[in-house]
1. Can you tell me which of (1) more than 45 Å from the chain's Cα centre (by Cα); (2) closer than 29 Å to L116 by Cβ; (3) surrounded by 16 or more Cβ atoms within 10 Å (Cβ to Cβ) is the one A191 doesn't meet?
2. Does V102 satisfy the criteria of being surrounded by 15 or more Cβ atoms within 10 Å (Cβ to Cβ), under 60 Å from the mean Cα position of the chain (by Cα) and among the hydrophobic types (A, V, I, L, M, F, W, C)?
3. Of the residues that sit in the range 247-279 and are touching an Asp or Glu at 6+ places or on another chain (Cβ under 6 Å) and either outside any helix (DSSP H, G or I) or modelled with pLDDT of 95 or more (or both), which one is surrounded by the fewest Cβ atoms within 10 Å (Cβ to Cβ)?
4. Applying the selection to the range 183-196, what residues are over 17 Å from T268 (Cβ atoms) and assigned to a loop (DSSP other than H, G, I, E, B)?
5. If I filter the range 370-385 for residues that are surrounded by 10 or more Cβ atoms within 10 Å (Cβ to Cβ) and either in contact with a helix residue (DSSP H, G or I) (Cβ under 7 Å, 6 or more places away or on another chain) or among the β-branched types (V, I, T) (or both), do I get at least one hit?
6. Could you say whether any residue in the range 212-227 is assigned to a helix (DSSP H, G or I), in the same structural domain as S159 (by TED's automatic domain parsing) and over 22 Å from R145 (Cβ atoms)?
7. Among the residues of the range 229-243, which ones are of a type outside the set (S, T, Y) and surrounded by fewer than 23 Cβ atoms within 10 Å (Cβ to Cβ)?
8. Which numbered condition in (1) more than 18 Å from F62 (Cα to Cα); (2) without any contact (Cβ under 8 Å) to a residue 24 or more places away in the chain is the only one that A81 fails?
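The values are calculated or read from the model by the stated rules, or taken from the named source; none is laboratory data. These figures come from a predicted structure and were not determined experimentally. Neighbour counts are summed over all protein chains in view; Cβ atoms, including those assigned to glycine, are modelled from backbone coordinates with ideal geometry.
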Amino acid sequence: MPAADDPDLFEAFAGAAEASPKLWTVGELTREIKSALEELGRIRVEGEVTRVVRAASGHVYFDLKDIDAKISCTIWRSQVASAVRFDLAEGAQVVAHGRLDVYGPRGTYSLNVQRLEQAGLGALLLRLEKLKEELKALGWFDRKRALPAMPAIVGVVTSRDGAALQDFLRTRSLRWPLYPVVLAHTSVQGAGAAEQIAAAIRRVDAHGVDVIVVCRGGGSLEDLWAFNERAVAEAIWNSTVPVVSGVGHETDVTLADFVADHRAHTPTDAAQTVLPDRAALLLELETARNHLLRAIDGVIEERLDRLGRAAASPVLRGAAWMLDRREEGLEHLARSLRLATSSALDRSAARVARATSRLARQSPVVRVERRSSRLGALAPRLAAAVAGPLERIERRLDVARTSLAATSPFAVLERGYSITQADGGGAPLKTSEGLSPGTKLRTVLASGWILSEVERTGREAPDKSGGSAPATQ
């Protein structure tokens, strides 16, 4: 055994001291553990319920256990109603949703439960959601038929042994006692309930009712599960009359509520929805009767008043009054006619006098005389105006005649000249070009003409004496 003052042993103990873990106080360690557990956030724990204690304060304490371990659970009073929707008893297999908490004074941890569901409920909810989406895609949630205001017969699909039927009948007694109701009894929960409910809906629909109420009391999701089955939804959809769903309490919602034409919160609410209120209808009828009676009285009073005025009318008191009034009217019309005729004649006479005066002024004799007088006055002026231009024209003609005589070719012919042209017409010949022997010529003299024939042609230059000398051929 080494000595106490062995330096190697001292170094070993020193090294061990330096490697030792952190030193915690109990409070620090508890807070650290609590912080670490809180970091897990919201968790789900499945187990078997044991040791259920409902405290006088309203809190609920129980344990969850399995084959390996056990954990304490707490449901605070403020969350009991929303966290537990079924009968919490020992031996129940549940899934607890909540957060872990550490109680420092005892150094224990527990699960603060916010919601409890029975084991296997999650799979049911997934199945329900899938079926809901399928029915929504089919359009089964979109049809909402109007409910009849006064159904002749109301069909009720529920259990004859349940509280829902009693609530419905109690409401019927309050609103309209002995109102026609047909019950189709069926189981409303458990195995095969969905098929029974669907068959009951078809049965009561075939009975000839005007509206169908499908109802039952409240319960857990498992209790109400039959109303989430496709068979019930399909029966509601195929119903020939409107369907009202009154399943569970106000917070309970099933697929039957979505497919139904109207959803009531409770069976009582369903009865109030489909059953007319007899007292309200009687009050409405009484009100309408009073309105009708007042209207009839008003019409009668108006007719009596009109009869009274008619009886006081002079027309109905004596027919002579009518003749007197007509005679006065005729006399007045006769006077008006005479005055109108006389006035019309006077106006016509005045118009005739004015027309005669205008006609006299416009008489053709007067107009001819005026025109003759004007012609007599204008004739000398016309003669003078015509004579002057004629004299000027005659003088101009004389000058033109003299000038024309001086330039006339016939005057030249008088001086011994002639005009030669080809026989048959044409321009006077100026040269011999183009003429050949045998060509016939016509020579025009001052008096008469000569027809000749060309024997030969030649060029002759005129001489100063006025004759012509032969030109060189």
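1. (3)
2. no
3. Just the residues of the range 247-279 that are touching an Asp or Glu at 6+ places or on another chain (Cβ under 6 Å), to begin with: 263, 265, 267-268.
Keeping just the survivors that are either outside any helix (DSSP H, G or I) or modelled with pLDDT of 95 or more (or both) gives 263, 265.
On the way: R263: 20, H265: 17.
Only one residue fits best here, namely H265.
4. If the condition is that a residue be over 17 Å from T268 (Cβ atoms) and assigned to a loop (DSSP other than H, G, I, E, B), then T186, S187, Q189, G190, A191, G192 are the ones that fit.
5. No, because not a single residue in the range 370-385 is surrounded by 10 or more Cβ atoms within 10 Å (Cβ to Cβ) and either in contact with a helix residue (DSSP H, G or I) (Cβ under 7 Å, 6 or more places away or on another chain) or among the β-branched types (V, I, T) (or both).
6. Narrowing the range 212-227 to residues assigned to a helix (DSSP H, G or I): 225-227.
Imposing the further condition that a residue be in the same structural domain as S159 (by TED's automatic domain parsing) reduces the set to 225-227.
Still in the running and over 22 Å from R145 (Cβ atoms): 225-226.
Within the range 212-227 (the criterion being assigned to a helix (DSSP H, G or I), in the same structural domain as S159 (by TED's automatic domain parsing) and over 22 Å from R145 (Cβ atoms)), the answer is yes, since at least one residue qualifies.
7. We begin by selecting, within the range 229-243, every residue of a type outside the set (S, T, Y); these are 229-238, 241-243.
Selection gives E229, R230, A231, E234, W237, N238, V241, P242.
8. (1)
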